[in-house]
Amino acid sequence: MAETVSPKGLDARGHIAREGSLARVPPAFRPVVAAVRERLPDAFGARLHSAYLYGSVPRGTARAGRSDLDLLLALRQEPADTDRRTARALGAALDEEFPQIDGVGTLLYGRDRLLSDLERHDLGWFVACLCTPLLGEDLAAYLPRYRPDSLLARETNGDLALLLPRWRERVAGAEDREEARRPLVRFMSRHLVRTGFTLVMPRWRGWTSDLREMAEVFGAYYPERARQMRTAAEYGHEPVGDPDVLRSCVDDLGPWLAAEYARVHGVKAPRPDQGLSGSVHGVARQTGMVRQVLGPGPPA
């Protein structure tokens with residue numbers, strides 16, 4: 001029964017607990033983190049307000065030579081082209097110097113945007129719950145505590161229906177090579193698993209970032225789709241370059257999940273500045289496909 005699944009990831013008051021910490025950084029990645037901490041102030045100077053790690057490195061699950069380094073930088077003003085070039089150069093230098101990382105993904109945002117009402121349950125939640133402070137004043141002090149409720153579900157992943165047409169364009173435009181399709185499979189599989197999890201998150205009343213656990217939680221509520229979601233979780237870790245897998249994402253599991261999400265939680269309204277963006281939860285998993293995320297908004 002779904003009700004027998006034990007929730008986790010919450011504090012004593014039922015709020016989502018911050019999931020990472022510097023103490024959990026695996027030994028192989030500590031020199032990389034130390035280098036980032038040392039070089040960011042020189043690279044950005046007074047423009048840098050604060051810096052954060054997110055993803056597998058601060059969660060302690062990163063694999064040497066396989067995992068990328070994910071950074072979020074809060075600037076005192078909205079990022080300019082010079083900031084993006086600086087982040088790109090720093091990321092390239094780190095990737096070249098440290099073989100234990102497979103690329104660097106850097107998100108750049110202005111402090112005011114991260115703390116804005118518009119981003120309260122999107123970027124704000126991302127910083128407060130999924131990001132580990134590295135440098136500067138922690139913006140989580142200015143943000144609320146978050147519960148795994150329907151509002152958070154809608155604001156983090158309620159835009160899948162808006163993203164699917166772009167996904168189909170990417171699939172159609174991908175080169176006919178396994179190497180070209182594999183990053184798309186990884187990205188879309190991860191996105192669908194995490195969307196499936198947040199669909200049932202308010203009923204489960206817990207939080208996790210583990211793909212396999214997400215799939216198991218989802219499957220307890222939707223057993224008819226459980227096997228498909230478990231397979232997607234595996235492709236999120238070890239992607240294949242099979243075009244049939246991509247077609248299944250955009251023509252089967254994706255449309256079903258978008259419709260069910262809209263039925264249960266409603267649809268997240270498009271942002272006026274979205275451009276290529278989707279949910280911020282999609283930001284956290286996009287850097288596996290695009291190592292430098294330096295545009296004005298999170299990518300789809």
Trp207 long-range amide H proximity, modeled H, under 5 Å: Lys8, Gly9, Leu10
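How much of the accessible area of the chain, probe 1.4 Å, is carbon plus sulfur, in whole percent? List each step's numbers first, then the result.
On the way: 6520 of 12710 Å².
That fraction is 51 percent.
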Dipole in debye (nearest 20) - region 4-68, about Cα centre, beta carbon charges: Lys, Arg +1; Asp, Glu -1: 140
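Just the accessible area per residue of the chain, please: how many Å² with a 1.4 Å probe?
Details: 12710 Å² over 300 residues.
With all protein chains present, the chain gives 42 Å² per residue.
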Listed values (i) 50, 46, 41; (ii) 58, 43, 34; (iii) 53, 49, 40, entry calculated as Cα extents along the principal axes in Å: (iii)
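Rounded to the nearest 20 Debye, what is the dipole magnitude of the chain about its Cα centre when Lys and Arg each give +1 and Asp and Glu each give -1 at the C-beta? List each step's numbers first, then the result.
Values: 42 positive and 40 negative charges, 101 e Å.
Its charge dipole is roughly 480 debye.
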Which helices pass in the chain if a helix is a full DSSP H run, must span at least 20 angstrom along its long axis by Cα, and must have mean Kyte-Doolittle hydropathy not below -0.5? 30-44, 178-204
Spelling it out for Gly110: with amide H atoms placed in the peptide plane at 1.01 Å from N, the residues 5 or more places away or on another chain with amide H under 5 Å from its amide H are Leu75
Amide H contacts of Glu78 (H built 1.01 Å from N, under 5 Å, at least 5 apart or other chain): none
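The values are calculated or read from the model by the stated rules, or taken from the named source; none is laboratory data. Since the structure is predicted, the reported quantities are computational estimates derived from the model, not experimental observations. Neighbour counts are summed over all protein chains in view; Cβ atoms, including those assigned to glycine, are modelled from backbone coordinates with ideal geometry. SASA here: full protein model, heavy atoms, side chains in, ligands and nucleic acids out. Shrake-Rupley method; radii C 1.70, N 1.55, O 1.52, S 1.80 Å.
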